[in-house]
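A.B. asks: Here it is, the structure in full.
The values are calculated or read from the model by the stated rules, or taken from the named source; none is laboratory data. Please read all numbers here as calculations on a predicted model, not as lab measurements. FYI the Cβ positions are ideal-geometry reconstructions off the backbone, even for glycines, and counts take in every protein chain you see.
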Amino acid sequence: MGFFDKLKNGLGKTRTSLGDKMNNVFSSFRKVDEELLEELEEILIMSDIGVETSVELISKLRNRIKKEKIQDEEGVKKALKEEIQQIFDEVDNKLDLSKKPTVILVVGVNGVGKTTSIGKIANRIKQEGKEVIVAAADTFRAAAVEQVEIWAKRSGSKLIKREENTDPASVVFDAIQELKKDNADVLICDTAGRLHNKKYLMDELIKIKKVIDKELPNANKEILLVLDATTGQNAISQVKAFKETVDITGLVLTKLDGTAKGGVVIGIVAENKIPVKFIGVGEQIDDMEIFKSEDFVNAIL
């Protein structure tokens, strides 16, 4: 299966939730009017896109219908798809590896697929001919280090690890010294699955960030938040919590294969202006793709 087919498969439930409901609305309306727009707005809200974003989308759609004199179902659908795609295209979704070294800090709550995402992203970067070091700085969760070690081996990346319950910032410090010694290109840091109500875990994240800034002041830095697509509205509160602690530069969307809530990402990007940089479409090491807005929108509508 190609990427688009995997994406289409993964977003099947979202497409049923969003696309099929829209088709039902279109089939019961004979003309493009305010009542149709109200029905579409309700479907967008019910698809986890969020009230604010849904209202904004319909407002833009209303303006386009008037301006372009759209009078049929296909025209409305096309305009809506373009407006959703525009939300994603307003923010730059490229992972910036232009400077050496680049540090990628990967954050997110437990169970979102953070460790597997690290392995898959490391694999992509390795395929570009770059040297990658992975820091196993999630030292609080039992078996987290072993898990990231498996993925580091699969991707052919060097792993820096310490015993369980070691200070995470010290693991990152050691990994930075290794990065300097090897003159490696990229350092990817795993972090604890910080539940946003556990202040000490968020403090730990700030400490790691300080170590990186002090030891590598001129390095390029990316902070990627991994979100589980199945969590719907809960993903919004996760973005809010992590944004208060660190400057998130991009999102990694995982577990698309089991959800009807893929629409939530539209609202998250619209309201936070944070791009989706990667999208996970399966369990294999090469099942992590650079996010393409057109493919995503076509897969849900």
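A.B. asks: Tell me, please, whether a residue that is buried (at least 20 other Cβ atoms within 10 Å of the Cβ), under 30 Å from Tyr200 (Cβ atoms), at pLDDT 95 or above and of a type in the set (Val, Ile, Thr) can be found in the stretch 82-89. Show your work before the answer.
C.D. replies: To start, the set of residues in the stretch 82-89 that are buried (at least 20 other Cβ atoms within 10 Å of the Cβ) comprises 84, 87-88.
Applying the additional criterion that residues be under 30 Å from Tyr200 (Cβ atoms) yields none.
Scanning the stretch 82-89, I find no residue that is buried (at least 20 other Cβ atoms within 10 Å of the Cβ), under 30 Å from Tyr200 (Cβ atoms), at pLDDT 95 or above and of a type in the set (Val, Ile, Thr), so the answer is no.
A.B. asks: Right, next: Anything in the stretch 261-295 that is at pLDDT 85 or above, surrounded by 24 or more Cβ atoms within 10 Å (Cβ to Cβ) and under 13 Å from Gly10 (Cβ atoms)? List them, or say none.
C.D. replies: Val265, Ile279, listed by residue number.
A.B. asks: For residues that are among the acidic types (Asp, Glu) and more than 21 Å from Gln86 (Cβ to Cβ), scanning just the stretch 12-54, find the one that is surrounded by the fewest Cβ atoms within 10 Å (Cβ to Cβ). Working first, answer last.
C.D. replies: We begin by selecting, within the stretch 12-54, every residue among the acidic types (Asp, Glu); these are 20, 33-35, 38-39, 41-42, 48, 52.
From what's left, more than 21 Å from Gln86 (Cβ to Cβ): 20, 33-35, 38-39, 42.
On the way: Asp20: 11, Asp33: 10, Glu34: 8, Glu35: 11, Glu38: 11, Glu39: 17, Glu42: 14.
Going through the qualifying residues, I end up with Glu34.
A.B. asks: In addition: Go through the residues of the stretch 190-203 one by one and say whether even a single one is of a type outside the set (D, E, K, R), closer than 18 Å to Leu227 by Cα and free of Cβ contacts under 8 Å to residues at least 12 places away in the same chain.
C.D. replies: Scanning the stretch 190-203 turns up at least one residue that is of a type outside the set (D, E, K, R), closer than 18 Å to Leu227 by Cα and free of Cβ contacts under 8 Å to residues at least 12 places away in the same chain.
A.B. asks: At least 1 residues that are touching a strand residue (DSSP E or B) at 6+ places or on another chain (Cβ under 9 Å) and not polar (S, T, N, Q) in each: list the helices (runs of 4 or more DSSP H) lying fully within the stretch 1-100 that qualify.
C.D. replies: On the way: elements: 3-10, 12-15, 21-28, 34-46, 51-68, 73-89.
Output list reads 3-10, 73-89.
A.B. asks: Follow-up. Please work out if Leu97 is out of contact with any Phe, Trp or Tyr (no Cβ under 9 Å at 6 or more places or on another chain), surrounded by fewer than 18 Cβ atoms within 10 Å (Cβ to Cβ) and under 23 Å from Thr254 (Cβ atoms).
C.D. replies: Details: out of contact with any Phe, Trp or Tyr (no Cβ under 9 Å at 6 or more places or on another chain): yes; surrounded by fewer than 18 Cβ atoms within 10 Å (Cβ to Cβ): yes; under 23 Å from Thr254 (Cβ atoms): yes.
Yes; evaluated as a whole, the condition is true for this residue.
A.B. asks: Same structure, new question: Given the structure, is Ile65 β-branched (Val, Ile, Thr) and within 30 Å of Ala136 (Cα to Cα)? Break it down stepwise before answering.
C.D. replies: Numbers: β-branched (Val, Ile, Thr): yes; within 30 Å of Ala136 (Cα to Cα): no.
So Ile65 does not fit the description; no.
A.B. asks: In the stretch 35-74, what residues are without any contact (Cβ under 8 Å) to a residue 12 or more places away in the chain and more than 20 Å from Gly263 (Cβ to Cβ)?
C.D. replies: Answer for the stretch 35-74, where residues must be without any contact (Cβ under 8 Å) to a residue 12 or more places away in the chain and more than 20 Å from Gly263 (Cβ to Cβ): Glu35, Asn63, Lys66, Lys67, Glu68, Lys69, Glu74.
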